[in-house]
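Chemist: This is the structure, below, for whatever I ask next.
The values are calculated or read from the model by the stated rules, or taken from the named source; none is laboratory data. The shown structure was predicted, so the numbers you read here are calculated from the model rather than taken from an experiment. All Cβ positions, glycine included, derive from the backbone under ideal geometry; neighbour counts span all protein chains shown.
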Amino acid sequence: MVQINGGDHIRLITCTSNLKQIGLALKMYAEANNTYFPNKPGRQGFEMLRAGGYLENVKMYTCPGEDDCIPDGTDLSTASVSYMYVPGLKMTDPPTTAIARDKEFRHASYLIYNIQIRFTDIGIRRVNLFPIRHGNVLYLDGSAIETRNHEWAEIISKNNFTY
């Protein structure tokens with residue numbers, strides 16, 4: 001069984017909350033722009049939200065598990081944001097489309113391992129630990145969900161996320 005300490009769990013929940021706030025800002029932006037989300041990739045798209053007054057609190061663009069802290073008023077197109085963004089989507093795209101996500105290995109202290117125990121012919125056991133890859137994903141319907149393993153890998157590979 002995997003145990004997660006309280007601080008790590010709170011950081012993961014806060015990270016998910018940040019993505020939901022970004023999702024609300026994206027929705028407000030799209031409603032004001034003919035159903036289109038920002039057309040700039042990654043950080044530049046987030047800067048369009050900040051500069052346009054949709055989500056000005058720069059701390060929302062940084063995962064609480066991150067050491068970097070973005071100073072207030074910083075241009076996000078040059079800042080170290082914690083999330084990636086897919087440009088060029090519309091509100092009319094399928095609601096299950098991923099629009100933003102954590103960068104890879106964002107929650108290093110929250111690594112979960114799949115443990116495989118094998119027995120050899122002579123009775124000696126071998127234990128293998130395989131890290132489970134995971135992260136938070138924001139969908140067009142506004143949901144932000146922790147995603148793991150194959151689903152996480154599929155989201156990363158089939159979407160045009162940019163930093």
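Chemist: Tell me which residues, restricted to segment 14-45, are polar (S, T, N, Q) and not in a helix (DSSP H, G or I).
Modeler: Residues satisfying the conditions are Asn33, Asn34, Thr35, Asn39.
Chemist: Still on this model: Only residues in segment 50-75 that are outside any loop (DSSP other than H, G, I, E, B) count as the first member; pair them with residues that are of a type in the set (Asp, Glu) and surrounded by fewer than 19 Cβ atoms within 10 Å (Cβ to Cβ), Cβ under 7 angstrom, at least 6 apart or cross-chain, and list the lot.
Modeler: Listed pairs, sorted by first residue: Arg50/Glu56; Val58/Asp72.
Chemist: Another question, then. Taking Tyr139 as meeting all but one of (1) surrounded by 14 or more Cβ atoms within 10 Å (Cβ to Cβ); (2) at pLDDT below 75, write down the number of the exception.
Modeler: Status for Tyr139: all satisfied but (2).
Chemist: Considering only segment 95-110, how many residues are hydroxyl-bearing (Ser, Thr, Tyr) and modelled with pLDDT under 85?
Modeler: 2
Chemist: For segment 47-75, give me each residue that is surrounded by fewer than 22 Cβ atoms within 10 Å (Cβ to Cβ), in contact with an Asp or Glu (Cβ under 9 Å, 6 or more places away or on another chain) and among the hydrophobic types (A, V, I, L, M, F, W, C).
Modeler: Across segment 47-75, the qualifying residues are Ala51, Val58.
Chemist: On to the next question. Of all residues in segment 61-93 being within 21 Å of Tyr139 (Cβ to Cβ) and of a type in the set (A, V, I, L, M, F, W, C), which is nearest to the chain's Cα centre (by Cα)?
Modeler: Across segment 61-93, the extreme among qualifying residues is Met84.
Chemist: Answer with yes or no whether Thr92 is in contact with a Ser or Thr (Cβ under 9 Å, 6 or more places away or on another chain), of a type outside the set (A, V, I, L, M, F, W, C) and modelled with pLDDT of 70 or more.
Modeler: yes
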